[in-house]
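The values are calculated or read from the model by the stated rules, or taken from the named source; none is laboratory data. On a predicted model such as this, the values are computed, not experimentally measured, just so you know. Note: ideal-geometry Cβ built from the backbone for every residue, glycine included; neighbour counts use all protein chains shown. Side chains are part of the model used for accessible areas, which takes the heavy atoms of the whole protein and leaves out ligands, DNA and RNA. Shrake-Rupley method; radii C 1.70, N 1.55, O 1.52, S 1.80 Å.
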Amino acid sequence: MEFQHTSVLLQKVIDGLAVKSDGIYVDGTLGGAGHAGAVCEKLSEKGRFIGIDQDADAIAAAGERLRPFGDKVSIVRSNYADMKQVLHRLGVSGVDGITLDLGVSSFQLDTVERGFSYRFDAPLDMRMDDRQELTAYEVVNDYTESELFHLIARFGEDKFAKNIAKHIVEEREKGPVETTGRLAEIISQAIPMKVRKQGGHPAKRTFQAIRIEVNQELSVLENTLEDMINLLNPGGRLCIITFHSLEDRIVKRAFKKAQNPCTCPPDFPVCVCGKVSKGQTVGRKPIIPSKEEMESNPRSKSAKLRVFEHR
């Protein structure tokens, strides 16, 4: 299957990066290189682009798409959590812009055997990096009922998390839950009929929660934001697209802390902690897709873009 993914907020990201023709730019979630291609088109021969992705299919697709840009492009298969180390190996100490397009790609969702979607019946997998050991199968079949409840409640924000976890454990006692289709059935049975009829697939939140757990998406984001801000050159910008409130909350909090890191009590007349602002958030509110983009690409509806500019 050809790697296809419609880049969300494409022009807004390019505007947010304020691309300089001779700058150095990094995409930590390269995907099909939609955002990357638009950045590379703005770079002169002195510019440089570095693309990072943990998905082998994305790396292959991006390599083809970015081939015309030649030596100015470097592509590395890795998790963006290792961005600092990747850049060090490439001899780069600071960059002018970083992009993250979080969540799962259209290609990953639509490739049946990857096991990301409740719309298809496939082996439970959900790994963005097939080199890692933990899969959705282990989460569903090996986690305790309490562990399942907490991850579905936290990462899926599903008010029926307790009942869903109970049903999963009861069903797996009869035999392992091996496929996405079976898991989706179990989740549906755990949710009241009147709720099922209200629209939206009943398994959506639980599948999101399991995917986040398998790929450690929130902890990777939370533990990497400070490093990325520190990698920015003066005037450099970090652009992050999130797709649910948990991610957006982490980004908003990290940007706020970087902008105002002072830990002095509010009643202190002057700052004595010595912590200095690293920059500021661009704009007061997150950028969202236009009505036209939402209509043409329904998966963009929950997208939010936040931009941070280094001093």
With every protein chain kept in place and a 1.4 Å probe, the residues ASP267, ASP53 fall, from largest accessible area down, as ASP267, ASP53
Measure off 7 Å from each Cα along the Cα-to-Cβ vector at SER245 and LYS174, then give the distance between these two points in nanometres to one decimal.
3.4
Carbon and sulfur atoms account, in whole percent of the 1.4 Å probe accessible area of region 191-311, for 52
So, in nm, how far is label ALA56 from label GLN189 when the simple model puts each one 7 Å beyond its Cα toward the Cβ?
3.5
Under 20 Å from a label point 7 Å along Cα→Cβ of ARG67: give me every residue in region 11-54 with its amide N that close.
30-41, 49-53
Helix 204-215: inclination vs the chain longest Cα principal axis, degrees, rounded to 10, gives 60
Need one number: the % of Cα-Cα pairs in the chain sitting beyond the 38 Å mark.
19
Points 7 angstrom from Cα along the Cβ direction at LYS204 and GLU45: gap in nanometres?
5.1
Compare the peptides 152-160, 31-39, 240-248, 292-300 by average per-residue count of other Cβ atoms within 10 angstrom and give them in order, highest first.
31-39, 240-248, 152-160, 292-300
A chain fully extended from VAL112 to SER290 at 0.36 nm per residue, minus the present Cα-Cα distance, gains in nm 61.1 nm
For HIS150 and LYS301 in one chain, what is 0.36 nm times their gap in residues minus the Cα-Cα distance, to one decimal in nm?
51.7 nm
Probe 1.4 Å, accessible area per residue of the chain, Å²:
51
How tilted is helix 161-172 with respect to the longest principal axis of the chain? Cα atoms for both, answer in degrees (0 to 90, nearest 10).
60
Cα-Cα over 18 Å: which of LYS12/LYS285; LYS166/LYS194; LYS72/LYS304; LYS278/LYS304; LYS159/LYS204?
LYS166/LYS194; LYS72/LYS304; LYS278/LYS304
Using only the alpha-carbon atoms, how far is helix 56-66 inclined from the longest principal axis of the chain? Give it as 0 to 90 degrees, nearest 10.
40
For a label point 7 angstrom out from the Cα of SER78 toward its Cβ, which stretches of region 129-155 have the backbone nitrogen within less than 18 Å?
129-132
Treating only the Cβ atoms of Lys and Arg (+1) and Asp and Glu (-1) as charged, compute the dipole magnitude of the chain about its Cα centre; round to the nearest 20 debye.
1320
